[in-house]
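Enquirer: I have a structure I would like to understand better, so I am pasting it below and will then ask my questions one at a time.
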Amino acid sequence: MHVVIPLYSGFTALDAVGPYTVLAFAPGWTVTFAAPAPGPVLDDRESLTLTAAAALADVPRPDVVLVPGGPGTAQAMGDPVLLDWIRAAHEHAAWTASVCSGSLILGAAGVLAGRRATSHWGVVDGLAGFGAEPARERVVVDGTVVTAAGVSAGIDMALELLARTSGADTARAVQLVVEYDPDPPFDSGNAERADAALREAALGLI
């Protein structure tokens with residue numbers, strides 16, 4: 001299985017690196033970071049770069065398309081090179097996936113019309129503007145499209161993809177090798193359990 005993760009300026013690092021780590025550990029899976037042109041791409045904190053090893057044009061038919069989110073989403077949604085690539089790749093891919101606000105990019109590419117989909121809690125309602133049915137769930141599977149909620153949910157989504165494609169035993173082994181056993185110090189990771197002040201503070205960090 002060949003996964004392509006398209007990068008754009010202002011992506012959130014964990015949106016890309018979380019699923020990359022899960023899928024790259026899986027036997028028979030390879031992951032390529034790509035962009036309109038090969039080279040370094042700066043993340044949303046402007047302090048970390050990932051290197052796109054390939055141009056999008058060089059990887060037209062991946063088995064899995066996986067679009068990260070981030071504050072750069074708004075600009076990426078207007079990038080015709082990226083959107084055209086997603087549309088074309090989606091036609092042949094076994095799976096088309098997104099993390100966080102990456103689902104808005106899928107929406108802009110026309111992939112989500114008529115589908116249930118999720119995104120970061122701060123923007124999930126915006127999916128309706130693309131003809132999707134917003135779902136406030138951590139991972140949503142609708143046909144061959146898999147969307148994940150905010151940032152860390154990308155790890156869950158990658159494990160779900162792995163289980164559906166390579167089997168639950170493989171997914172469980174990868175989960176163990178990366179020791180994905182969340183035990184957070186605070187119970188504040190779900191917007192529906194947070195008060196208005198905490199939600200406002202969180203959005204102010206984006």
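Enquirer: Considering each residue of the range 119-151, count those that are open to solvent by 50 Å² or more (accessible area, probe 1.4 Å), β-branched (Val, Ile, Thr) and under 17 Å from Ala202 (Cβ atoms), and give that number.
Expert: 1
Enquirer: Something else: What are the residues in the range 6-18 that are in a helix (DSSP H, G or I), open to solvent by less than 10 Å² (accessible area, probe 1.4 Å) and aliphatic (A, V, I, L, M), if any?
Expert: Scanning the range 6-18 gives a single hit, Ala16.
Enquirer: In this structure, is Arg115 of a type in the set (Lys, Arg), closer than 23 Å to Gly78 by Cβ and modelled with pLDDT of 95 or more?
Expert: yes
Enquirer: Any residue in the range 99-115 that is among the basic types (Lys, Arg), over 28 Å from Asp195 (Cβ atoms) and either open to solvent by less than 40 Å² (accessible area, probe 1.4 Å) or out of contact with any Cys (no Cβ under 8 Å at 6 or more places or on another chain) (or both)?
Expert: yes
Enquirer: Give Leu198, Leu159 a once-over and let me know the one that is surrounded by 12 or more Cβ atoms within 10 Å (Cβ to Cβ) and touching a residue at least 12 places away in the same chain (Cβ under 8 Å).
Expert: Values: Leu198 fails: touching a residue at least 12 places away in the same chain (Cβ under 8 Å).
Within the list Leu198, Leu159, the selection yields Leu159.
Enquirer: Return the residues of the range 1-42 that are farther than 25 Å from Arg87 by Cβ and among the polar types (S, T, N, Q); say none if nothing qualifies.
Expert: Listed by number, the list holds a single entry, Thr21.
Enquirer: Taking the range 19-66, which residues are under 21 Å from Thr144 (Cα atoms), surrounded by fewer than 16 Cβ atoms within 10 Å (Cβ to Cβ) and free of Cβ contacts under 8 Å to residues at least 60 places away in the same chain?
Expert: Ala24, Thr30, Pro60, Arg61
Enquirer: Another question about this same structure. Checking Glu192 against (1) without any contact (Cβ under 8 Å) to a residue 24 or more places away in the chain; (2) open to solvent by 60 Å² or more (accessible area, probe 1.4 Å); (3) part of a helix (DSSP H, G or I), which single condition isn't satisfied?
Expert: Glu192 satisfies all of (1) without any contact (Cβ under 8 Å) to a residue 24 or more places away in the chain; (2) open to solvent by 60 Å² or more (accessible area, probe 1.4 Å); (3) part of a helix (DSSP H, G or I) except (1).
One line per residue, one yes/no per condition, for (1) part of a helix (DSSP H, G or I); (2) under 28 Å from Leu176 (Cα atoms); (3) not aliphatic (A, V, I, L, M):
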{"residue": "Val4", "(1), (2), (3)": "no, yes, no"}
{"residue": "Leu23", "(1), (2), (3)": "yes, yes, no"}
{"residue": "Pro40", "(1), (2), (3)": "no, no, yes"}
{"residue": "Ser47", "(1), (2), (3)": "no, no, yes"}
{"residue": "Gln75", "(1), (2), (3)": "yes, no, yes"}
{"residue": "Leu83", "(1), (2), (3)": "yes, no, no"}
{"residue": "His90", "(1), (2), (3)": "yes, no, yes"}
{"residue": "Ser103", "(1), (2), (3)": "yes, yes, yes"}
{"residue": "Ala113", "(1), (2), (3)": "no, no, no"}
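The values are calculated or read from the model by the stated rules, or taken from the named source; none is laboratory data. Remember, it's a predicted structure, so these values are computed and weren't measured experimentally. Cβ coordinates were reconstructed from backbone atoms using ideal geometry, including for glycine residues, and neighbour counts include every protein chain displayed. Note: areas computed on protein heavy atoms with side chains; ligands, DNA, RNA excluded. Shrake-Rupley method; radii C 1.70, N 1.55, O 1.52, S 1.80 Å.
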